[in-house]
Each structure stands twice: as structure tokens, then as C-alpha cells.
1. Just to check your reading of the model, which residue among L121, L141, L146 is assigned to a helix (DSSP H, G or I), at pLDDT 75 or above and surrounded by fewer than 20 Cβ atoms within 10 Å (Cβ to Cβ)?
2. Applying the selection to region 336-356, what residues are buried (at least 18 other Cβ atoms within 10 Å of the Cβ) and either part of a helix (DSSP H, G or I) or not assigned by TED's automatic domain parsing to the domain that holds F476 (or both)?
3. Checking R489 against (1) under 30 Å from K130 (Cα atoms); (2) free of Cβ contacts under 8 Å to residues at least 24 places away in the same chain, which test does it fail?
4. Report, ordered by the first and then the second residue, all pairs with beta carbons closer than 9 Å, sequence separation of six or more or different chains, a first member in region 289-300 that is outside the structural domain of R271 (by TED's automatic domain parsing), and a second member that is assigned to a helix (DSSP H, G or I) and surrounded by 21 or more Cβ atoms within 10 Å (Cβ to Cβ).
5. Go through (1) under 30 Å from D341 (Cα atoms); (2) at pLDDT below 70; (3) over 24 Å from the mean Cα position of the chain (by Cα) for E169 and report which single condition fails.
6. Would you mind stating whether I483 is surrounded by 14 or more Cβ atoms within 10 Å (Cβ to Cβ) and assigned by TED's automatic domain parsing to the domain that holds R545?
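The values are calculated or read from the model by the stated rules, or taken from the named source; none is laboratory data. Note that the structure is predicted; figures quoted are calculated from it, not measured. Cβ coordinates were reconstructed from backbone atoms using ideal geometry, including for glycine residues, and neighbour counts include every protein chain displayed.
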Amino acid sequence: MNNPLASTELWFGLFGGLALFLFGMDIMTKALKRAAGEYLKTALTRLTQNRFVAVSMGAFVTSIIQSSSVTTVILVGFISAGLLSMSQSIAVIMGANIGTTITAQILAFKVTTLALPIVALGFLVSFVAKRDDLRQYGLMLLGLGLVFYGMSVMSGSLQPLGVYGPFVEFMTTMQNPLLAALAGALFTAIVQSSSATAGILIVMAGQGLIGLESAIAIALGANIGTCITAGLAAIGKPREAVRAAGVHILFNVAGVLLWIAFIPQLAEIARAISPTYETLTSAERVASESPRQIANMHLFFNVANTLVFIGFTTQIARFVEWMIPDRLLSESNDMESKFLDKMLLSTPVIALAGARREVVRMGEWVYHMFIDVMPAVIDKDTATLRSIEMKDRAVDGLHREIVGYLAQISNRNLSAEESSELMELIQIANDLEYVADRIAADIVTSARKSHKEGVIVSNQTVEIITEFHRKIALAFDQALKSIADQDIRLANEVRARKQSMAELKRKIALHGVKRLTADAPKRRATYAREIETVEILDGIFKIVRRIAGTQKCEKKSSHPDKI
């Protein structure tokens, strides 16, 4: 008998089919993330404390994007972006393992005959659709069709192995559950898709090339191999993100260790809950029943695993926190970006959420510069003034990082809403950097001139200027909160302060004119510095109002009020 393993047709068919399968999964995942990105963000960031709701959400989201690894990577990105805590993510990760079984359930049906019609329909919709959401749904169908077609190609190429003795003998070694699980883990780690492993198992089972017990052991190993993607995604991320990846690994490894000794029992359960075809011959019956049995076992294992561990999410969180403790950050790392995750660029709506967090974080640094500067000016605290100048340089560096990250997002295929949000964040980042420059350059420079000129400001003047500064600081704080929460009401409150601040500025101006005739040394030089400081503060307030106005412009009107 000719050796089918020496046939280039077999290997080209196997690897070509696998490439089509993985390419289709990639197209489908990207399209679904684009079409459902805003929903994914909203759903995953509004989880309640109910762990069963979180499990359901993880299962649902993963059933949409067809990859527990992708869901975990998104969770790692959410945690990096500060949108989710590690403890919240544990139940979601458990649910993600359930959601990924939908792939095997679909593939267990005889769907390969539908592959090319689905490819044709998906291409047609994506090619002719003018709306972006319809185009993404078309790409999703195209990807799904390629997944089915890849399975069909692999199935055809593997058919000769069913009667090749050496291969049949080799497959008997897969009856060792540890070896089979190791093989499943290694293969899944290489292709980074447990769905691909499940697909190949179903193809092989349909050809009668693998027994149910061996397929179960390989599928168990695939649950470990799929952790590699989340592990790689967590490298260099904040500690909570690393812990989320650790939870994914711990949960899957513990589940496999728990069940690997019960593979015969799992096989019996799979046979009991799956349809049978007693009228078929022995070989035909195995080929017809095995794919559904593998899919059902995959689902049963992950549901049972979740039910076993769902009551221990708090203990799991504490254990992972003990395993991966916090690390102390040096001051030099304080102004490095924390929420700009390149892994999220493929999902712009989530990447923009991280960028918003980073912009707000930059704003908080500028806000504290503003809070600190007036006391330093009044007290002639040169050390604090030098510190503010150093902080301005750090803000400049973070500003460059934010703008660079937003530029990378802009290269993606963005919706109108995403493009609008991106432009809004760029404007806010630029305005915050400008405010930092006004603080570090204008106010600090003016303060140094005052100290050099020996200017003496009266207590009454200090009090009224301090009040002006305090009210601007309050508006600044509210503006940042409105950006963080996208709170239009709060943004409008900031903009409504225009009249009261203008009246306070006039009051300061009148006070300054009266003080010109006061019997005090260096009255003109003092007046010049006082008015200069007030004008700088007023300019900063106008920028703060403009920052708050970005929320109003985006949601309410395309013609913002002039500042």
C-alpha cells in the first residue's frame, strides 16, 4: 500500500485547510469585534457583582467572537485601561470557556456543504454594502464560510489515513490521556485557537481516525494550550492584567487536572447525551456519532468546570494576588502611559476607552500642577516652582504618547462615532498640554519676575486672586470628571460658570485700579504682575471651558458656543 503520509496532496490539503480555517476565524473575529465593539465595551464594563451574570456575559461575548483567548485578551486590555477589576474578570473568564464551545457545536453539524454558498453570500454583502455594520456582517459570513470550507479541505485530505496501518497504530498511543492532553496543549499553543483543535478533532472523528476517549484527552489539553494567547497579552501590563491572565491559566489547568482521571466517565456521559444512529453500520455509526459526542463533551466539561469553581472566585482572586504580588513603581515610571494597550488597537472602541482614561490621567497631573502653583507663587516657594516645571516636561512626554496612540487608532477603519471621539480626545490632550505650558511657563515666569522685582502683594489682593484660582480649579476638576464619565450635565455646569467668572474678574480689575493709589511700595510693578497673573488664570479657565465643551459638542450640537 502506498504511504499516504508521503503524499504532498495530504499535507497541502491538511495545512491549506487549517490555514483557511484560521484565516476564516480571524476574519470573523475582527468583523464581529468591529460590529459589536461598542456593545462588548458596554456589556463587559457594566457587569454586576453577581458572578452568575458575569459568567453568562463571558459566555455570550465569547460565543459572538468565537474565542475564549480573544475574550481574555480583551479583559486584560480592559484591566490595563482601568475599565474592569481583576476580581470582576474571574467569572467572565469562566464563562468565556463555555462560550467557546459554540464553535464545536456548529462544526458538529454537517455544515461543510454550505461553505461555498456562505462564502459567496458573505463576499457579496461585504462588497456591495454601503453601511459599515452591514459590511462587517458580510465579512463575518465570509469568515464563517472559510471556516467550514477549511474543514471540508482537511476532511478530504485526511480520508486516506483511515486505512493506513502505521497511522492507525500511532493513534492508539493517543489512548494515553497524559500524552493526548500534552499533544492537544502543544498544538493549540502553536495555532492559538482551541476552536481549530476542536475542528480538527471533529474532522478526524468524522473519518473514524480517532476514538472518543482520545479526542476528549486532546480537547482537555487544548484548554491549557489556549492560555498562551492571554499569557502573551499580559506581558508588560499592569499587575491586575497579569493576574487576569494568571486566573485563565490557573482555572484551565486546575480543570484539566480535576477531570483527566475521569475521561472514561466523560466519554460515557457524552454518549448518553448525544444522538445515536443504530441503523448504521459500525464504521458509519462511529463517524456519524463521534463529532456530536466530542462537541457535547466539550460543552459539558466547561459547564461542569465552571459550576465546580464558581463558588470560589474570591479565594481564586486572593490566591492569584498572593502568587503575583504588587510591585513598587519608581517615580520615573509615574508618567509612563498605563492605559494605552497596543493589543486593543484591533478593537478601536475599546482602544479609545483606554485612551480616554490616559487623557484623564494626564489631566489629573495638570490639575495638580494648577493646584500647587498659586500657593508656591504666594509663598515664593522656588522648589515647588522647579518641580512644576519638571512635571510639565513629563506631561509633554505623555502627551506625545497619547497623540501617537490615537494616530495608530486613526489608521483603523473607524465609524463616524469613533472618528468623532478620536478627534475629541486629540483636542482635549492638546488643550491639557497647553494648560500645562501656561502654568509652567507663564505663571512660573511671572512669579520669578515678581520675586526679582521685590513685588509685595497685599493680603486682600492675595485673598481675591486665590478665590479666582480656587473657582477655576473647581471648574477644572469638574471638566475632567465630565470627560472621564462623558457627563454632559457636568460639562454644561462648567460652561455655565462663564458669567460668574467674568464678574469676579471685573471685581479683581476694579480692586487693582483702587490699589494703584494705595500707599504701598512698587505699586505699579505690583499691579502689572497682579493683572498678568489674573489674565493667565482667565486664559486657563477659557481652555477648561473648551475642554468641557467637547462633551457638549459631541452629544448635543455641531456648533459649539464660542469661548
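1. Details: L141 fails: surrounded by fewer than 20 Cβ atoms within 10 Å (Cβ to Cβ); L146 fails: surrounded by fewer than 20 Cβ atoms within 10 Å (Cβ to Cβ).
Step by step, each of L121, L141, L146 is checked, and only L121 is assigned to a helix (DSSP H, G or I), at pLDDT 75 or above and surrounded by fewer than 20 Cβ atoms within 10 Å (Cβ to Cβ).
2. Listed by number, the residues that qualify are M343, L344, P348, V349, I350, A351, L352, A353, G354, A355, R356.
3. (1)
4. From region 289-300, no pairs qualify.
5. Unmet condition: (1).
6. Working: surrounded by 14 or more Cβ atoms within 10 Å (Cβ to Cβ): yes; assigned by TED's automatic domain parsing to the domain that holds R545: yes.
When the stated conditions are applied, I483 passes them.
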